[in-house]
1. Could you state how much accessible area B:Phe143 has, in square angstrom rounded to the nearest 10, with a 1.4 Å probe and all protein chains kept in place?
2. What figure, in Å² to the nearest 10, do you get for the accessible area of A:Asp75 with a 1.4 Å probe and non-protein molecules left out?
3. What does the structure give for A:99-109 when I average, per residue, the other chain Cβ atoms found within 10 Å of the residue Cβ?
4. Residues of the range B:134-155 with backbone nitrogen within less than 11 Å of a virtual label 7 Å along the Cα-to-Cβ line of B:Asp171, please, listed as ranges.
5. Choose one of A:Tyr114, A:Thr102, A:Gly137: the residue whose Cα lies farthest towards the positive end of the charge dipole of chain A (beta-carbon charges +1 Lys, Arg; -1 Asp, Glu; about the Cα centre).
6. Give the A-B buried accessible area in Å², both sides summed, 1.4 Å probe, nearest 100.
7. Relative contact order (percent) for chain B, with alpha-carbon contacts under 8 angstrom and 6 or more residues of separation?
8. Return the whole-Å distance between the Cα centroid of the range A:54-90 and the Cα centroid of the range B:384-406.
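The values are calculated or read from the model by the stated rules, or taken from the named source; none is laboratory data. Given the structure is predicted, the values throughout are model-derived calculations rather than measurements. Note that we place each Cβ from the backbone using ideal geometry, even for glycine, and neighbour counts take in every protein chain shown. Calculation scope for accessible area: heavy atoms of the full protein, side chains included, ligands and nucleic acids excluded. Shrake-Rupley method; radii C 1.70, N 1.55, O 1.52, S 1.80 Å.
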Amino acid sequence: MNKEIIKIEDLKREFTMGNETVHALKGISFNIKEGEFVTIMGSSGSGKSTLLNILGCLDKPTSGTYEIDGVNMKDLSRNELATIRNEKIGFIFQSYNLLPRTSAIENVELPLLYNSKISTEERRKRAINALEMVGLGDRLHHTPSQLSGGQQQRVAIARSLVNNPVMILADEATGNLDTRTSYEIMALFQDLNKQGITITFVTHEPDIAAFSKRTIVLKDGSIIKDYKNHTVLSATEQLAGLPQEEHSL
Amino acid sequence: MRLLNLLKIAYKAIVLNKLRTLLTMLGIIIGVASVIAMLAIGEGSKESIRANISSMGSNIITIRPESTSSGGVRASADEMQTLTLKDYEAINAQATLLSYATPLVNGKGQIINGSNNWPSSIYGVNPDYLNIKVIDLQSGSMFTDAEVKSASKVALIGQTVVDNVFPDGQDPVGQMIRFNNIPFKVIGVLEVKGENTFGQDQDDVVIAPYTTVQKRILAIDYINQIMASAVSENDAPNAVTEVSEIMRAQHKISASDEDDFSVRSMEELISTFSSTSEMLTILLVAVASISLLIGGIGIMNIMYVSVKERTKEIGLRMAVGGKGSDILMQFLIEAILISVTGGALGVLLGLGSTVFIEKFINWPTSVALYSIIISFAVCAITGIFFGWYPARKASALDPITALRYE
Ligand SMILES: Nc1ncnc2c1ncn2[C@@H]1O[C@H](COP(=O)(O)OP(=O)(O)OP(=O)(O)O)[C@@H](O)[C@H]1O
Ligand SMILES: [Mg+2]
């Protein structure tokens, strides 16, 4: 359980816009071990999403190395990266990125459509299961426009779970949820983490960060803090402590 | 399995974008249909002209006198007296590629039956004439060779003549009429032929033995024309050559001298006319090509814009694990489904409107297979290419770049 699943060194990401260069990440190094639950915090524009996109193999660093499960990302072909995204990573986008006019269940099924090893029945079963896990068992056939912001976010979460990933990368996955629902999602993540899934979680909220084992804080594209949480809260217990009337589902 | 999934994805995407699908298809449908219909009109009129001319007897060969320039002033063919019965006899005896031949003399005059009179033309011929011109009789019978020999005053008349000199509806066969005051016994009525391609009324005629017309009406001993028919349409050009040789020998024309006659086949006439309608077809093809081009640009436009629009979708599909080839296949399948369905509907609409034009506007049409193939191919290929090309560009991006596309 102590293998390093993510190993980045001096990672830089620059965006050139005309003659101006934005240094979104200015040389970042850290490792994440298999089974860790890491929160990435930092103010808006500090480079959290940029970092997570690279970790999710959606973007490439300008310089520096990124080793995923012992393999340098640079050595992987586009197709190999696609397979990693498809089978190993569950990614939750800050802006959900659901297919419009497509039902929740079909949105959740999407990653499995690109995995020919999974049968139609299996696909359906897993999609329903994932949606039930995020409390949307009664919204299977709603399209994004027929769902609330929080519900859309939960569909995006379900989609990231459906391929049984070894690593979940969540970009403000609870940003649109009320306290109770976000605790429920955190409880789900803690549960998945207990099963051995590595979770990297971007958030603004310190009380959400308290559910993780480790926190990395970014500022202007650099790491300013990287510390272990000694008192990890249990989301299930916190949930029990919430007043009853705040019924969200 | 993978292909099945991609088919499903493509199908879902098509259903998802109903309006886009419809618009693209509409471009293809209209493009294909208009080309098919337009070319069908072109081909149709060409064929109808051809059929019309052919109905006048497509293997007919005519021999007329023609003035040579050596005499200085050219005389008109009607006034020329160089064609004789001897020429006819020579042709009749020597030609091998002719099935029928007749001398022909013609004149104009007044037909009188009691108080009814009508100006018409008289043709002096032999009994072969009906076979050459492919004319049947409504009633009565043709005169015989014996009647030709004896210069009998018998005649056959066309329907227009019947209508004008027998207005009471009595049976003309057996009645006497006068042509330029010469009495003729009507022995038959020709079948109705209507107008020919040049607008001439083919039923406004009187037919009589050429001997009778020569002696009693025109008082001449030469003939105006020799009319013959080649054994087949294909033999017509050779028959023309054969007849020319016989005529040159007959008129003792030396190798360096010009012919004093002309031999023409109906085939030549048809090809002149066909080339006119060929022009019409070229014009229609040009118009059709333009509409195909515009249709193609339309398809291109919609496909290109819609694929661009879906760059975000492509980004998402790649983000959740779709490979570049998966994305390309999806868009290719989509484009093929849309283009082929659109093309097929276009063919149906094209054929449908062709039937409509034929039935309700009464224009002759004829659907050419090549028009279906070309229009279908052009539209389908444009649709497929412009569905595939922008998708290829989008699938070469990093997923996040495609996702950020606006
Ligand atoms: N595609 C891009 N082109 C240009 N600049 C970019 C691009 N993506 C990000 N940036 C810049 O990089 C910096 C970091 O952006 P990033 O999205 O990582 O911030 P963030 O920490 O996720 O912020 P937030 O909490 O608001 O989501 C920002 O200053 C942003 O303007
Ligand atoms: Mg962000």
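1. 10 Å²
2. Accessible area, nearest 10 Å²: 110 Å².
3. 2
4. So the set is B:139-140.
5. Projecting each Cα onto the dipole axis, the largest value belongs to A:Tyr114.
6. Numbers: alone 12270 and 20370 Å², together 30120 Å².
About 2500 Å² of accessible surface is lost on pairing.
7. Working: 734 pairs, mean separation 122.6, N = 406.
Reported relative contact order: 30 percent.
8. For the range A:54-90 versus the range B:384-406, the Cα centre distance is 20 Å.
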